[in-house]
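Participant: I'd like to ask you about the structure that follows.
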Amino acid sequence: MVIRFALAKGRVAKKAIELLIALGYIFEEYSEKSRKLIFTDTTGTIEFFLVKSPDVPTYVEKGAADIGIVGKDVLLEHPAQVYELLNLNIGRCKMCVAGFEDRPLPYGKKMVVGTKYPTIAKNYFNAKNQLVDIIKINGSVELAPLIGLSDCIVDIVESGNTLKENGLVVLEEICDISSRMIVNQVSLKTKRELIDPIIRTFETQL
Amino acid sequence: MLLNSTIDGFENIQHQDYYSLEKIINKLTTLYRLYGYHQISTPTFETYDLYVGEDSIPSDDLFKLVNHQGKVLVLKPDATLPVTRMAAMNHPNADEVIKFAYQTNIYRNFSSPEMIKKEITQIGIEYFGNDSPECDGEVIGLAILSLLENGVKDVHIDLGHVGFINYLFEELALSSFEREMLFQYIENKNIDDIACFLKPLDLSAEAKAIIIKLPSLYGEPKAVLKEMKTLCLNENMAGVVEKIAEIYCHLEVMGLASYVSFDLGFTNQMNYYTDINFKGYINNWGEPVISGGRYNNLSEKFGIPRPACGFAIDLMKVIDYMEQENLLPMDTQKNHVIFYGYDDKSAAYDLANNLRAKGEITEVFMIKSDWGYHVISIRENPLYKNAEIYFLSQGKLCIVENDQYISLEAITFESEVN
């Protein structure tokens with residue numbers, strides 16, 4: 001039996017693979033430039049593949065992967081029936097509302113929000129009883145308020161440099177974000193003898 | 001031309017799958033019948049009122065429509081509630097034991113993700129009027145047997161009890177918001193967020209330690225029972241431990257205990273279970289295929305207080321698994337296809353009727369072009385994979401074998417040979 005990992009492409013995957021290698025797993029075929037899709041370790045007990053982050057919960061929920069490593073932002077945006085077993089505390093950042101320092105958010109009036117995270121933005125403003133028009137943007141979200149597309153943005157903020165360079169500031173913090181290890185609900189039970197040690201070693205690495 | 005006429009979440013069932021589905025349903029209804037369950041059926045529509053106060057099914061997940069009287073109806077989103085109502089209406093004596101089995105489609109208007117199935121083919125049982133561990137054991141046992149009988153060997157049942165957490169939260173006098181948040185975290189086994197959430201709460205360190213252990217209360221039954229015993233804060237919690245230990249003993253007697261493990265992290269956040277609940281899994285199959293439990297307060301809604309326990313199987317998920325593992329019962333019966341000439345019509349129909357009377361699948365077609373063309377068109381049609389082709393022309397019968405026409409005295413078939 002093989003334990004399959006679905007990793008979100010990008011920073012998180014890099015750190016997760018480093019963690020796996022630190023745990024003693026050897027992936028001979030893996031290099032950052034490799035075009036292979038699935039990598040198996042030399043003992044043949046662990047396999048991982050790289051996918052776009054919103055797909056990680058889907059793969060794990062459906063059981064195509066036993067374990068997934070993905071940011072909390074994705075789990076909030078695309079809720080899935082999975083066990084969220086470990087907070088890996090890597091890829092830490094904050095989900096924030098950002099805009100212009102001298103222009104307070106127009107609460108009580110119609111507010112236009114540009115974001116990659118429509119569900120998170122909607123839930124946040126709904127909880128404040130604020131009606132919002134959400135504009136889903138797939139990249140360079142900071143552009144939206146600069147050219148007058150939206151009043152503010154909802155996005156993850158790590159260092160705040162991109163915001164600063166574009167004259168934007170964090171106006172409100174929504175929540176903390178970090179990478180989570182998620183596990184398929186059936187795999188945790190039916191492959192327990194294999195998954196438990198992996199979780200435990202990850203836990204001790206933290 | 002009608003294009004784009006498929007609806008997300010709804011599927012056709014192809015003939016091979018339908019054949020398997022029917023065989024499986026037959027096998028299971030026979031199994032339930034042998035245990036004394038009576039097959040029943042309830043309407044496809046229910047009144048919206050039935051589900052309004054039911055937290056277990058969010059109103060947004062219901063397919064609603066309005067009838068000519070202005071009454072709001074829903075497409076049946078669940079089988080248990082209507083079956084419970086039926087038992088309450090037709091069997092007003094609360095002490096009666098009633099065992100019902102059903103096979104039905106249920107409908108959920110899930111908003112996301114798009115590909116999720118909204119029409120779910122279920123088969124299940126409901127056992128009313130018995131609150132004993134033997135009843136729970138029988139229900140869980142039948143859930144396991146339902147899969148075993150169909151050749152699915154890697155069955156795994158996770159048994160929990162919502163009371164353990166509920167009695168604990170009652171003892172700690174948690175607010176409904178706190179309960180809801182904790183339920184959610186426990187369901188997701190999200191220990192880290194539980195710890196963060198508990199930190200500012202005004203609870204003893206001991207209580208917090210117990211709550212943090214709840215998500216890890218799963219696995220080998222005897223080990224879990226031992227761990228649970230150390231966490232009991234009151235008699236009710238101890239009662240839960242005793243009860244599931246008893247059910248486990250019962251399953252040992254039935255010889256099915258090896259399929260069962262425990263998970264006390266199930267909550268009744270999204271269902272009406274009051275007591276034990278369980279999920280059935282198949283190894284290497286990512287989603288649960290069985291869901292069940294005890295719902296002792298549901299019948300009271302219909303004026304008859306009556307304990308009950310049951311489960312439902314998601315049949316199409318089981319079929320998907322069986323297909324992958326080549327476990328599906330296949331339709332291998334041969335068809336006899338008879339082509340006849342214009343003058344041989346009545347002889348062909350007589351011949352066909354004789355064959356059908358013996359249980360043979362028989363079809364007749366008139367010869368309309370050359371024989372070779374007919375042979376090819378049948379051979380190319382996947383629906384006629386098992387077909388035997390005959391020609392009846394000018395009173396002479398012949399069979400097509402390896403592209404040769406061999407004359408026959410009469411059509412013979414396996415059941416006759418044996």
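Participant: Going through the stretch B:218-239 one residue at a time, which ones are under 27 Å from residue A:187 (Cβ atoms), assigned to a helix (DSSP H, G or I) and either of a type in the set (Val, Ile, Thr) or touching a residue at least 12 places away in the same chain (Cβ under 8 Å) (or both)?
Facilitator: Once the filter is applied, which keeps residues that are under 27 Å from residue A:187 (Cβ atoms), assigned to a helix (DSSP H, G or I) and either of a type in the set (Val, Ile, Thr) or touching a residue at least 12 places away in the same chain (Cβ under 8 Å) (or both), the stretch B:218-239 yields B:221, B:224, B:225, B:227, B:228.
Participant: Here is a check on your reading of the model: is residue B:194 in contact with a Leu (Cβ under 9 Å, 6 or more places away or on another chain), within 13 Å of chain A (Cβ to nearest Cβ), among the hydrophobic types (A, V, I, L, M, F, W, C) and assigned to a strand (DSSP E or B)?
Facilitator: Criteria not met by residue B:194.
Participant: Out of the residues in the stretch B:378-398 that are aliphatic (A, V, I, L, M) and either in contact with a Gly (Cβ under 9 Å, 6 or more places away or on another chain) or surrounded by 13 or more Cβ atoms within 10 Å (Cβ to Cβ) (or both), which is nearest to residue B:346 (Cα to Cα)?
Facilitator: In this case the residue turns out to be B:392.
Participant: Quick one: in the stretch B:176-191, of everything that is touching a Pro at 6+ places or on another chain (Cβ under 7 Å) and in a helix (DSSP H, G or I), which residue is nearest to the other protein chains (Cβ to nearest Cβ)?
Facilitator: B:191
Participant: Mind checking which pairs have a first residue in the stretch B:348-360 that is assigned by TED's automatic domain parsing to the domain that holds residue B:391 and a second that is of a type in the set (D, E, K, R) and surrounded by 11 or more Cβ atoms within 10 Å (Cβ to Cβ), Cβ under 8 Å, 6 or more apart or different chains?
Facilitator: B:352/B:363; B:360/B:334
Participant: Condition first: in a strand (DSSP E or B) and crowded, with 19+ Cβ neighbours inside 10 Å. Now tell me which residues in the stretch B:332-363 satisfy that.
Facilitator: Scanning the stretch B:332-363 gives B:336, B:337, B:338, B:339, B:340, B:362.
Participant: Can you tell me how many residues in the stretch A:51-87 are of a type in the set (A, V, I, L, M), within 19 Å of residue A:20 (Cβ to Cβ) and crowded, with 24+ Cβ neighbours inside 10 Å?
Facilitator: 6
Participant: Return the total of residues in the stretch A:158-206 being within 14 Å of chain B (Cβ to nearest Cβ) and of a type in the set (A, V, I, L, M, F, W, C).
Facilitator: 12
Participant: With the condition being within 20 Å of the chain's Cα centre (by Cα), I'd like the strands (runs of 3 or more DSSP E) fully within the stretch B:1-86 carrying at least 3 qualifying residues.
Facilitator: B:38-40
Participant: Additional query: Applying the selection to the stretch A:13-65, what residues are within 21 Å of the chain's Cα centre (by Cα), in a loop (DSSP other than H, G, I, E, B) and away from chain B (no Cβ under 14 Å)?
Facilitator: If the condition is that a residue be within 21 Å of the chain's Cα centre (by Cα), in a loop (DSSP other than H, G, I, E, B) and away from chain B (no Cβ under 14 Å), then A:32, A:37, A:52, A:53 are the ones that fit.
The values are calculated or read from the model by the stated rules, or taken from the named source; none is laboratory data. Only a predicted model underlies this, so the values are computations on that prediction, with no experimental measurement involved. Don't worry about glycine lacking a Cβ; one is built from the backbone with ideal geometry, like all the others, and counts go over all protein chains shown.
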